[in-house]
């Protein structure tokens, strides 16, 4: 029983550790002042209205949306057929892909940014400073999530046998893919798109180092605003948090449905 | 067959997309000059020796190691019992934990950094600028990886029945955990530690915004060096790449062994 | 005083009764089977006996000692799980030694007892193998040895053979029975397989919807089922309603009449012995050593099992035959 | 000209022969079973017939047309998989309609054919259910309907019942047979279960290590096994070596002698009819409708199956009995 209580304690501790900063920020963003006192003073939505009426904020938000959605579109077109091809034609390649997709983890954004900067600095093509270079970098970030989740979805549905069954009923391979395999991927695809989106939307290093203020994304804006009033930034943080948390929650719902 | 060729093409394209930048950087780091010409000039290890004899680089390397290994130690002590407790006592909690651990994904580092900065700016405790605040932030980064991989390991080994069997043979719950469950987690734990390590080692945003040059980590050093010679930074990038790739490869090997 | 006394066991989960009113006693060395369809509560009952699940009510005595509330570690009960539950990180020897090490026995004693147990389950040569390298049958023998080596007072087996294929199942069944006899071990075996229950048990407890509906020897349970549910579960009984009994046998009975398919005898169509019933073969199935006929006699469909003795003796569909059903083979049965 | 002609089929993977020298012909409407232990190549052979795996050599004709190299879509062959292979994103109706839609039939025609197929497999009311909501038996009936609705020339069934539990297996077995008879459908059924093969097939092809070792009716294969492997696989044959044959029967035979356990008759120990062999019951097992005795006669161990007619007739261990083995039940058998 003592052991059980210890274990229970550890679980609660984890929950508190994760929730406390969020709660603090929320209160801060809703209060007029919270300086040397223990409790905050005055309840206000002032910081939120200021934020949501700022043109630069809205532009940055728009830039982030464009880059993220563009990346996800590119990733879907490239990765979905690749995953199917690997599972149907070369199932043994899956092992190698699982290593390959870890490359982006092995090379952190600062490292690859510095690398890309020195590569392109003197080169003839100047992608640096344009959103196009972000698309490429973000693709490598989305790849592990999308490949892993799609691959897991396919592993569950026994691709070979379903395609065999469809063939015997008269369907061609592309037809079998569209009618039988893709619908099975739909939920895994949506879930991985959501996760990738919230990850990409929060990406800062590539955006700041490769593009900076020339195509300011939300994170870069946020970074540049870091010296504004703490209440204002807290409102920003909370707005952001609610937005991506809603997204993440949707992703979870979808991936949970998939399992049942 | 046309379909198969298309699919095959997509797979190759993916491989090339991932490998090309790495190859370019490698050549750049080994060449004396590579300016307006198509091919580089002169083979040299000069950039590598300069790097590895730089005291500031070595200190930053050391700082990164301390923070990462400290985080992993903390995470192991907290997460391993938590995962066991959840799987053995409250298996239904696992679903909720899987959502909870996504919080760090929902709140990107810039957002939480800005939030933490405004929280602590006026507070009595001043953690900002010390490595301690990094430990806390890095814990939330390591949590999803470690929880997920440990949870997957436990799902495979049927915790309840193994502990029941150990109980009937006279073992207490802690004894059963140490003798029967922990060894089954060993490989999953090692793999998740490796992945977390290479991810944390590459973390930049928290390190730069919360601590900066007061406790310079490798990524911050790298960032501050971004305007040095492109050949030098390429050598840095390649050194880093080889180091973390070796780590990642070890993690893959371990997690593969686990499956057999 | 009986060796094992179970009285008034009851358990429910969130308003659903898993089992209730469970009472039985066992003699030392008895082999009993808890037989029932899946979901009848038999596995939960076994886990309650082991102390892995808490009881709502009831008392559990072994050798007179009340262990209703004892922790699993102190019950002296061994258990074999359907999924083996072998410790994957330990070799065969280490798995078997685990319980002995918990008793803090000397290494030498542990080694000799483990060697003995390995010999008992015929796993010589596999001492250093890990469970993952063993076949299903071998794994279950390791699990058996691991439970036996600590010399439990009672051995519980929770569908230990269900995950194995038919051939292995039969040979391991025999092996379990031999070991149980040799060690004179009080054993409770849970299964949903009638053949397993019939071949193994001194007594069978038939469970249905959370209650023990019949206790008795294999012969009794098979030949004298207590009610319709047991009859349907135990064999391919012909169950005749009141109208069918009247049509076929001219008997006036309120309830059901049960006739086992193997007690009906077939005679040639021209046999004039009195008391025979004329019938027509509708369908036959060769099951191997047995041929199963579907016949119609006086408008009643019956199933008859015969030995498959000679190909020439097989009856074709449409053949006419005479049946003989002895009065002592008719059983009135509770619904 | 036979309906189906298979000649010289051979297939190997990386130097390992999966099967070779496979030749057979089928008549229209025949139900044949490919029976063999797991790994004997029967499933791969079936996939080759469907065109899902390419052949190394051989020719495959259906109604005289050579379809050895035809794509699966053009063969007119239906197949039911052990794992059902239902499309998880489609309802029962949509699954069944899939093949018809590929043929671009009018929606009205599709609907009426689907309704017919659903009635055939008795799944009325489940039209809008998704496969995940169905039981194993229901799923396999959907898979069956999906294959049948496109009116294939040949139906292939790859262990369709292996994943189901015993009761469902028996009832679905009967349903498959009824449908096959009604549609007069040429069917090849792959299984490793002897009872399934015996009860279903017009003919059984016994496969062993990549070859068809015997083709024949259920009765023939069961009562006249071509070699020792078939005998061991088909039943519980008593197989006597040369020395045992001499001891028990005074016969001098080079090879093995096979005696089925159900042909040996038991008589009372005091029966003096000439030709009877005295024996002692060593062990008995009640299997339900059958009692299986292990006896020893003149130093030879034999297994005997009897019907479980009356509890009073059961012999106990140590009982002495007389055996009768008719000369026509002795079979010399190839090794």
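Observations on the model:
- Ascending distances from the residue C:171 label point to its copies in the other chains, with the point 7 Å along the Cα-to-beta-carbon line: 3.5 nm.
- Using the Cβ-Cβ distance between residue A:178 and residue A:20 with R0 set to 41 Å, the FRET efficiency works out to roughly 0.25.
- Computed log₁₀ I(q)/I(0) - Debye formula, equal Cα scatterers, no solvent, segment C:238-333, q 0.10, 0.17, 0.18, 0.25 Å⁻¹: -0.25, -0.73, -0.81, -1.42
- Order of D:44, C:191, B:140 under a 10 Å beta carbon neighbour criterion, fewest first: D:44, B:140, C:191
- Sorted by Cβ density within 10 Å, fewest first, the residues C:260, C:292, D:246: D:246, C:292, C:260
- Position residue C:334: other-copy label points at 5.9 nm, ordered by increasing distance, label point 7 Å along Cα→C-beta.
- Structure-based [θ]222 nm, chain D - -39500 (n - 2.57) summed over DSSP H runs of at least 4, per residue, nearest 500: -8000 deg cm²/dmol
- Counts of other chain beta carbons within 10 angstrom of each beta carbon in peptide D:95-104 average 4.
- A straight line joining the Cα centroids of segment C:215-232 and segment C:261-319 runs 25 Å.
- Legend: translational diffusion of the protein assembly as shown by Stokes-Einstein, Rh = Kirkwood radius over C-alpha pairs, 37 °C, 0.692 mPa s; D = 92 µm²/s.
- Other protein chain C-beta atoms within 10 Å of residue C-beta, averaged over C:24-31: 0.
- Residue-level result for chain A: its Cβ closest to the axis carrying A onto B, with that distance in Å, is A:205, 3.
- Cα pair distances exceeding 22 angstrom across segment A:54-259, given as percent: 57
- Ascending distances from the residue B:132 label point to its copies in the other chains, with the point 7 Å along the Cα-to-beta-carbon line: 5.0 nm.
- With the simple model of a label 7 Å out from the Cα in the direction of the Cβ, residue B:46 to residue C:10 spans 9.1 nm.
- Segment D:28-50 and segment C:80-120 have their alpha-carbon centroids 44 Å apart.
- Between 0 and 90°, nearest 10: helix C:92-102 axis offset from chain C longest Cα axis: 60
- Chain D: angle of helix D:136-148 to the longest principal axis, Cα-based, in degrees nearest 10: 60
- Neighbour-count order for D:108, C:126, fewest beta carbons within 10 angstrom listed first: D:108, C:126
- With a 10 Å cut-off around each Cβ of A:153-161, the average count of Cβ atoms from other chains is 2.
- Kirkwood-based Rg to Rh ratio, chain D, C-alpha trace: 1.07
None of the figures in this text is laboratory data; all of them are computed from the coordinates on show. In this text, all values refer to a predicted model and were calculated from it rather than measured experimentally. Every residue, glycine among them, receives a Cβ derived from its backbone with ideal geometry; neighbour counts consider all protein chains shown.
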